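Asks: Can you read through this structure? Questions will come right after.
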Amino acid sequence: MRILITGGNGQLGNEWVRYLNKQGVEFIALPSSDLDITDHEDVRRVLSNLKPDRIINCAAYTNVDQAEDEQEKAFAVNEGGVRNLGDYCASNGIKLIHFSTDYVFPGTEEDYKKYPEGYTEDHPTNPINTYGESKLAGEKAIERSGCDYLIIRVSWLCGKFGNNFVKTMLRLASERDQLSVVHDQYGCPTFTQNVVENGWVLLENNISGTYHLTSKGKITWYDFAKEIFTQSKTDVKLEPVSSTEFPVKAKRPSFSLLSTRKIANIPDISLIDWKKGLTNLLAELKS
């Protein structure tokens with residue numbers, strides 16, 4: 001099996017590189033500077049030369065707030081780039097593994113009450129910001145391409161590489177005595193190491209379709225921050241605030257928990273509790 005990782009220098013791409021190196025699997029990881037997935041001809045040229053059997057697409061536009069001002073750019077990467085990959089994969093019999101987001105769902109307060117275990121894979125989508133719209137458009141582009149695909153939706157992604165909530169909280173706590181974090185947005189963190197380990201199980205078993213992959217649990221961003229500071233023994237005053245007191249450009253869902261019942265039924269899948277995932281990550285960051 002010859003694997004190509006797009007977006008190989010990002011948070012998730014770097015995690016795949018580390019994991020596949022340990023597995024001794026043949027792969028090549030390309031940063032966006034070496035493969036511009038928004039360029040149809042560049043995609044065709046690079047993929048024709050490399051001839052991969054599987055493509056793991058970690059290339060994405062992920063700045064949620066900036067996407068409101070850069071809608072064209074967000075859609076160019078998250079829809080157009082994904083369409084280019086899907087079309088090439090369909091024409092050449094290549095499987096495409098792609099990562100999407102909890103933000104494809106509406107995340108209303110009513111849904112919090114209706115779906116206590118989270119959104120299932122077949123729940124109607126209805127994103128409330130540009131980032132979510134662009135990621136949903138990418139999902140639909142893959143489906144329309146006719147390629148063999150595996151779409152993995154994740155939420156609140158955190159890992160050793162790149163920028164994420166855990167790193168941001170630790171950095172801010174080193175600069176300030178007091179922090180405010182919203183307490184009315186519910187979901188669950190996903191840790192890149194666990195994503196890759198379980199993603200490899202799906203890939204090895206040639207699983208296709210759409211799956212949700214997160215940690216176990218349901219928390220708010222405030223709960224997450226509190227546990228980060230507790231486990232890291234960080235002394236900072238933490239204040240819970242409502243979303244209305246924390247204005248941002250892009251509207252955020254009040255509820256974006258993903259149900260993992262479907263993926264949990266697959267043999268050898270191992271979903272971890274979110275606190276355990278945080279413990280593992282903090283140990284990695286410390287080392």
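Asks: What nm distance separates the two modelled labels at residue 121 and residue 51, each placed 7 Å from Cα along Cα→Cβ?
Replies: Placing both labels 7 Å along Cα→Cβ, they lie 3.2 nm apart.
Asks: Within the chain, which cysteines find no other Cys whose Cβ is under 4.7 angstrom from their own?
Replies: Lacking a cysteine Cβ partner under 4.7 Å: 58, 158, 188.
Asks: Neighbouring Cβ atoms within 10 Å as the yardstick, rank 251, 233 fewest first.
Replies: Ascending Cβ contact count within 10 Å gives the list 233, 251.
Asks: Fewest Cβ neighbours within 10 Å first, please rank 237, 218 accordingly.
Replies: Placing the least packed residue first, the sequence is 237, 218.
Asks: From Cα pairs below 8 angstrom and at least 6 apart in sequence, can you work out the relative contact order of the chain, rounded to a whole percent?
Replies: Worked out over the chain, it gives 20 percent.
Asks: Relative contact order for the stretch 48-201: what percent, with Cα pairs under 8 Å and sequence separation of 6 or more?
Replies: It rounds to 26 percent for the stretch 48-201.
Asks: Say R0 is 30 Å: what FRET efficiency, to the nearest 0.05, do residue 283 and residue 239 get from their beta-carbon distance?
Replies: In this case the efficiency is close to 0.65.
Asks: Next up: Show log10 I(q)/I(0) for the stretch 63-165 at q = 0.19 Å⁻¹, two decimals, from a solvent-free Debye sum over equal Cα scatterers.
Replies: Values returned for q = 0.19 Å⁻¹ are -1.02.
Asks: Hey, what do the phi angles of the stretch 82-99 turn into as Karplus ³J(HN,Hα) couplings, whole Hz, using 6.51/-1.76/1.60 and θ = phi - 60°, x for Gly and Pro?
Replies: Residue by residue, the stretch 82-99 yields 5, 4, 4, 5, x, 5, 5, 4, 5, 6, 10, x, 9, 7, 10, 9, 9, 10 Hz.
Asks: What is the fewest-to-most order of 83, 171 by other Cβ atoms lying within 10 Å of their Cβ?
Replies: The fewest-first ordering by Cβ neighbours comes to 171, 83.
Asks: Right, another one. Got a sec? Charge dipole of the stretch 13-136, +1 on Cβ for Lys and Arg, -1 for Asp and Glu; which of 74, 37, 97 is way out at the positive end?
Replies: 97
Asks: Explain nothing, just compute: Karplus ³J(HN,Hα) = 6.51 cos²θ - 1.76 cosθ + 1.60, θ = phi - 60°, for every residue of the stretch 226-233 in order, whole Hz, x for Gly and Pro.
Replies: 4, 5, 4, 6, 5, 5, 8, 6
Asks: Can you run phi through the Karplus equation (6.51, -1.76, 1.60; θ = phi - 60°) for the stretch 13-24 and list ³J(HN,Hα) in whole Hz, with x for Gly and Pro?
Replies: Karplus-based 3J(HN,Hα) across the stretch 13-24 equals x, 4, 5, 4, 4, 4, 5, 5, 4, 5, 7, x Hz.
Asks: Once fully extended, how much extra length lies between residue 201 and residue 69, figured as 0.36 nm per residue of separation less the alpha-carbon to alpha-carbon distance?
Replies: My answer for the length gained is 43.7 nm.
Asks: Explain nothing, just the number: relative contact order of the stretch 97-178, from Cα pairs under 8 Å at least 6 residues apart, as a whole percent.
Replies: Across the stretch 97-178, relative contact order equals 39 percent.
Asks: Provide the convex hull volume over Cα atoms per residue for the chain, in Å³.
Replies: Convex hull volume per residue, Cα atoms: 126 Å³.
Asks: Okay, moving on. What percentage of all Cα-Cα pairs in the stretch 1-132 are separated by more than 19 Å?
Replies: Cα-Cα pairs of the stretch 1-132 separated by over 19 Å account for 55 percent.
Read-outs throughout are calculated quantities, based only on the coordinates presented, and are distinct from any laboratory measurement. Just so it is clear, the model here is predicted, and its values are computed rather than measured. Quick reminder, even Gly has a Cβ in these numbers, built from the backbone with ideal geometry, and neighbours come from all protein chains shown.
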